[in-house]
Amino acid sequence: MRVISSRQADQAFGGRPWRGRRVLHVLSWPTSRPWPIGRVRLEWVDIAWAVFSLANLIAMLVFAQWETVPFHFIWISLTLLYGFRVWATRPTAWVLAVVMLTTFTAILVDVQRGTEPADELNEVPLMAAMFAVMVWHARRRLTADRERQRMSEENMRMLAAQRRFLQDASHQMRTPITIGLGHAELLARELVGKPEASDIQVVVGELSRLRRIGERLLVIAAAEDPDFLRPEPVALDAFTMEVIRRWRPAAERRWQLGRLDEVAVVADRERVGLAVDALLENAVRHTGSQDVIKLSAVADHGGDTASLLVADDGDGIAAAELAHIFDRFATGTSPTQPRSRGTGLGLALARAIARAHGGDIRVRSSLGAGSEFELVLPAACAPHGDRHAIDGPGSHDGDRLAASGLAGHAAGGAAAPLGAAPSLGAAPSQAAEDPVTARGKRQRMRQRMRQ
């Protein structure tokens, strides 16, 4: 039983006064809090140890021939107790003095009776030395724990301040950058065909890059928030086809669909779209117009995860750079597009989103042989044959692809500026149809896109 004052009770219960009571009795488990100097705060384990030690002290006097066993019980239990209950200096000194005096007196009585030799009295200072070693070790541990807790709290405070700074700075930058970009684009239209046109295009490009940096910093800073995601079951194969449909007109590459397993993941569709757009933007930046960019959706054999793969046969990544490509503001050079500069935040954003889902990003690459990025997400557990429930109304992306006729398009199209990824907007809804028919359409759609 631990007694606290009414003022402490008020503080413990959010400042609400406990009028009419002077004290509150609380039963609590023993902790490593030290006894305060000037008053004694006993826990039930302290009282239990005192009773146990008193019983062993009596046993030392009653069973003189077996006094060694209860004697060591007293000292070992005291040492173990202090290892879990680090007391303040004054109570520790008092307890040590009382235990030394009582055990020494009990052995001295046995020596006077002739049941024990006088050498047994040497056991008391030896046990006291053992206890002193435990006191030294426990206090070192307590100091280390306090320092570790202080550093942890300081790190948490710094991380929270960093996130707030990123959010505030990115938010405050958005408006002036948008205004400046709008005026620069107006000037660019007026200067078409004039010598100054190239200069204003540099301004437009740099302002666009600043805007993308601000948007991605906001997403990265928000990735630690508990409300960052709105997870739902997403059909990964249909989602992959929707992504390639959006990107095909945006960049002149040889777009291909690889393996497409019928698998669903639990994910925030919009956030995963941002991560995949960042991976594809990176692939476009490091490939040429005749290079291949292939997307695949692969189910894990264990069934716990599924992966969306983005592979290309572009520049590749040097082995020395693989360990740092996911760092913020880490940018690599592209021999195919030497003038193209990224934000240095795309891969960091993709990894932040993947880890917020409980997944990760893996990369396999070699210089000059292309790269493959694997976005790993937790798989959704759906009843067998209930694919339509996972897809949901309006999510039959393969059907929309077939209807739009994009499956038969060549891999060309007007190339959009890098970083201006097509928006992952909500797909137009359509009437629900038979799941078997929808699955057959998706399979035919895959065959057409692979041709």
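Note on the stretch 188-209: residues that are among the charged types (D, E, K, R) and either assigned by TED's automatic domain parsing to the domain that holds residue 344 or outside any helix (DSSP H, G or I) (or both) total 2.
For residues in the stretch 265-317 being of a type in the set (D, E, K, R) and in a helix (DSSP H, G or I), which is surrounded by the fewest Cβ atoms within 10 Å (Cβ to Cβ)? Top of the filtered list is 270.
The residues on offer are 153, 215, 185, and the sole one that is part of a helix (DSSP H, G or I), out of contact with any Cys (no Cβ under 6 Å at 6 or more places or on another chain), at negative phi and touching a residue at least 40 places away in the same chain (Cβ under 8 Å) is 215. Taking the stretch 222-249 on its own, how many of its residues are surrounded by fewer than 21 Cβ atoms within 10 Å (Cβ to Cβ) and of a type in the set (Gly, Ala, Ser)? The number of residues fulfilling the criteria is 2.
Of everything listed in (1) assigned by TED's automatic domain parsing to the domain that holds residue 61; (2) surrounded by 12 or more Cβ atoms within 10 Å (Cβ to Cβ); (3) farther than 23 Å from residue 82 by Cα, the single unmet condition for residue 100 is (3).
One residue stands out among those in the stretch 149-198 that are closer than 24 Å to residue 222 by Cβ and surrounded by 15 or more Cβ atoms within 10 Å (Cβ to Cβ): the one that is nearest to the chain's Cα centre (by Cα), which is 163. Of all residues in the stretch 218-253, count the ones that are under 23 Å from residue 379 (Cα atoms) and assigned to a loop (DSSP other than H, G, I, E, B). Total satisfying the criteria: 9.
The values are calculated or read from the model by the stated rules, or taken from the named source; none is laboratory data. It should be emphasised that the depicted structure is a prediction, and the values quoted were computed from it without experimental measurement. Quick reminder, even Gly has a Cβ in these numbers, built from the backbone with ideal geometry, and neighbours come from all protein chains shown.
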